[in-house]
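Below you'll find the structure, written out as structure tokens, and then a few comments.
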Amino acid sequence: MMEKTTSEDPACSPEETASESAKVPTAEPPGEVAVSESTREEQVPKPQAPAPQAPAAPTTTKPAPPSEDVPSAPLLLTLEDVSNSSVTVSWEPPERLGRLGLQGYVLELCREGASEWVPVSARPMMVTQQTVRNLALGDKLLLRVSAVSSAGAGPPAMLDQPVHVRENIEDPKIRVPRHLRQTYIRQVGETVNLQIPFQGKPKPQATWTHNGHALDSQRVSVRTGDQDSILFIRSAQRSDSGRYELTVHVEGLEAKAAIDILVIEKPGPPSSIRLLDVWGCNAALQWTPPQDTGNTELLGYTVQKADKKTGQWFTVLERYHPTTCTISDLIIGNSYSFRVFSENLCGLSASATVTKELAHIQKADIAAKPKGFVERDFSEAPSFTQPLADHTSTPGYSTQLFCSVRASPKPKIIWMKNKMEIQGNPKYRALSEQGVCTLEIRKPSPFDSGVYTCKAINVLGEASVDCRLEVKASATH
């Protein structure tokens, strides 16, 4: 047992040995108390042994193999996370837990340049991940962990490199608000207040430029916090227009965002206007664009007219883009003035350009010249548009013959049977209406069979049509 204690001293500090020997009697079975007492007895002469002779012991004597009661070193000690005040490590259980079973793990730290190992917790913890908190920013620490059983602590597993306690470096990012991703337009005299959020660790450093140059501190103020930067202009002027670029720096990394600002105002009126021509009820105008557009594009022109009698202005054209126009529907006998405004996003120009001369709409001598009316001659000789059709009838039943005639003037209609006129015979009734000629034969008999003729006569001529009527006698038995 003395050889085992001596070989384990280089791995553990005197403070660890004392703490382990103090814990062993309370946790170990009664049969092993003597072992722990002999360990205490052999620890007494340790302080008297000269320090230079300690390294020579392993070269002269072969260390005893570790006891099967003591667990082996934990596996895969890994650094999981480092922040500005904490360190998190994890490990895997050892291959050999010892015959007496595992009581937990002891995590120890040692600051760089120091020789003392300080346990993180007062007693072994049955966990495979542990976080060391309340560390000072900038510290460099060595970390090791040992598995502990009732027989004592096993050999430690140590990180290869010291752990530097510092903030995690997070790449800088700028979150430009949606309404600032296009040109930000303000009017002259309005305030400009831009709040641009960003992120990054450690605390980023933010700088602004205007068109590639440093900001004018007399006009622009900037306030930068941990998570955003605010650019403020109390009263914007047209000279404040341009590209503002925000740059965020973190540990040699940087992110940039550009914001375009346009400061505008109302445009000036057109430079000049003149009356080109007046004809009928129309007037032609022409003007020149304004010298000052208000630092933005024009939306067009507004054209108005006013007659000399009332002096009231009425809008004729709005947001009209060309610089020439023709105004129609002017009232005859009136005299008109015209004026033109320029317009942009801020509105109409403060003043308008007015024509110097009036447009006089003259009264023209208009004489009506009616055209001579030529009456059309609709005279026409008779012509039948629908002839008579052959017909068969039954005795005792009245029958009718039809035809249609066209003529102007109205023709005289004559009906004939077998070329003999039948006018005035009560057996027949003749009708003529709208050019349709009808002959009704009342209760015909076989004697009424024959050829019937309709003749139309007027001053321009005559026409006739024929048909055959057959009245069949009833069969006798």
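The values are calculated or read from the model by the stated rules, or taken from the named source; none is laboratory data. It should be emphasised that the depicted structure is a prediction, and the values quoted were computed from it without experimental measurement. Note: ideal-geometry Cβ built from the backbone for every residue, glycine included; neighbour counts use all protein chains shown. For the accessible areas, the whole protein counts, side chains as well, though only heavy atoms, and no ligand, DNA or RNA atoms are used. Shrake-Rupley method; radii C 1.70, N 1.55, O 1.52, S 1.80 Å.
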The alpha-carbon center of the stretch 99-142 and that of the stretch 326-387 are separated, in whole Å, by 102
The correct ranking of K472, K371 by accessible area at 1.4 Å, largest first, is K371, K472
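For the stretch 141-277, rounded, prolate or oblate, judged on the Cα gyration tensor with a ≥ b ≥ c (square roots of eigenvalues), a/c < 1.5 rounded, else prolate if a/b > b/c?
prolate
Top to bottom by accessible area (1.4 Å), largest first, where do E167, E421 land? Please list the in-between numbers first.
Numbers: E167 70, E421 120 Å².
Result, largest first: E421, E167.
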How large is the accessible surface of K140 in square angstrom, using a 1.4 angstrom probe and rounding to the nearest 10?
90
Once you list every other residue whose beta carbon is under 15 Å from the beta carbon of E421, what net charge do they have if Lys and Arg are +1 and Asp and Glu are -1?
+4
I'd like the accessible area for Y397, computed on protein heavy atoms only with a 1.4 Å probe and all protein chains in place. Round to 10 Å², please.
150
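Local charge sum around L317 (other residues, Cβ-Cβ under 12 Å, Lys/Arg +1, Asp/Glu -1)?
Numbers: positive: K305, R319, R339; negative: E318, E343.
Local charge sum for L317: +1.
Please give me the summed charge of the neighbours of A463: other residues whose Cβ is under 13 Å from its Cβ, Lys and Arg +1, Asp and Glu -1.
Values: positive: R406, K412, K455; negative: E380, E462, D466.
Cβ neighbours under 13 Å give a net charge of 0.
Largest first, what is the accessible-area ranking of I457, I259 with a 1.4 Å probe?
Numbers: I457 55, I259 5 Å².
Putting I457, I259 in descending order of accessible area: I457, I259.
Rounded if a/c is under 1.5, else prolate if a/b is larger than b/c, else oblate: which is the stretch 332-375, with a ≥ b ≥ c the root eigenvalues of its Cα gyration tensor? Walk me through the numbers before you get to the answer.
Working: a/c = 9.26, a/b = 2.90, b/c = 3.19.
Taking the square roots of the gyration eigenvalues as a ≥ b ≥ c, the stretch 332-375 is oblate.
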The stretch 244-282 to the stretch 431-477: how many Å between their Cα centroids?
97
Too long for a 19 Å Cα-Cα cut-off, among K412/K443; K410/K443; K308/K363, are K412/K443; K410/K443
Quote the accessible area belonging to T224 in square angstrom, nearest 10, computed with a 1.4 Å probe and with ligands, DNA and RNA left uncounted.
60
